[in-house]
1. Taking a virtual spin label 7 Å from the Cα of residue 60 along the C-beta vector, which residues in segment 84-103 bring their backbone nitrogen under 18 Å of it?
2. Please name whichever of 132, 109, 92 sits farthest to the positive end of the charge dipole of segment 76-134, dipole taken about the Cα centre and charges placed at Cβ: Lys and Arg +1, Asp and Glu -1.
3. Write down the Kirkwood hydrodynamic radius of segment 37-101, to one decimal in angstroms, obtained as one divided by the mean of 1/r over all alpha carbon pairs.
4. Using DSSP to call loops (not H, G, I, E or B), can you name the trypsin sites (Lys or Arg not before Pro) in segment 66-95 whose Cβ has at most 11 other Cβ atoms within 10 angstrom?
Amino acid sequence: MPTEPRSAARPVSEHAPTADPEPADAGRLGPRNPPRPAFENTRDTRFYFPSAAHREALSRLLFLAQDRNMGIGLLTGEIGAGKTLLRTLLYAQLSCADHIRVNIENSLLDFDGLLLEVLSQMRGARVHSADLPDR
């Protein structure tokens, strides 16, 4: 069966630029569509990949929040492991009316600073040490 040689000329209309249609994988993570910039700390849940470890961590955090018998939870992991993205997914599944969500991203807080930050987030307004004379 004869085939067209690769160097065969094509009509000009086949080479004319066309409007850039949205790629079929526009919403998917991949080498042609990475987060911008790649590996930045993102809260965009479109880039979540439900690996076994991530599913397990999210399941445990949801259990912790819904059980209501355990007062606090802590998510730790290596840089770039997906902690921020998991937290975003968790928050999306928890009702603000039923759960107080506190997020500490500053690891340089001393003990009093940590307590003030937790109280501030729980109250929804900045709390200062002068506001708490018993401390």
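Values in this text are rule-based calculations from the coordinates and carry no lab data. Since the structure is predicted, the reported quantities are computational estimates derived from the model, not experimental observations. Cβ: placed from backbone, ideal geometry, glycine included. Neighbour counts: every protein chain shown.
1. Residues 84-91 qualify, since their backbone N sits under 18 Å from the label point.
2. 92
3. Values: mean 1/r = 0.0789 Å⁻¹.
After inverting the pairwise mean of 1/r, the radius is 12.7 Å.
4. Within segment 66-95, the qualifying trypsin sites (Lys or Arg not before Pro) (loop, at most 11 other Cβ atoms within 10 Å) are 68.
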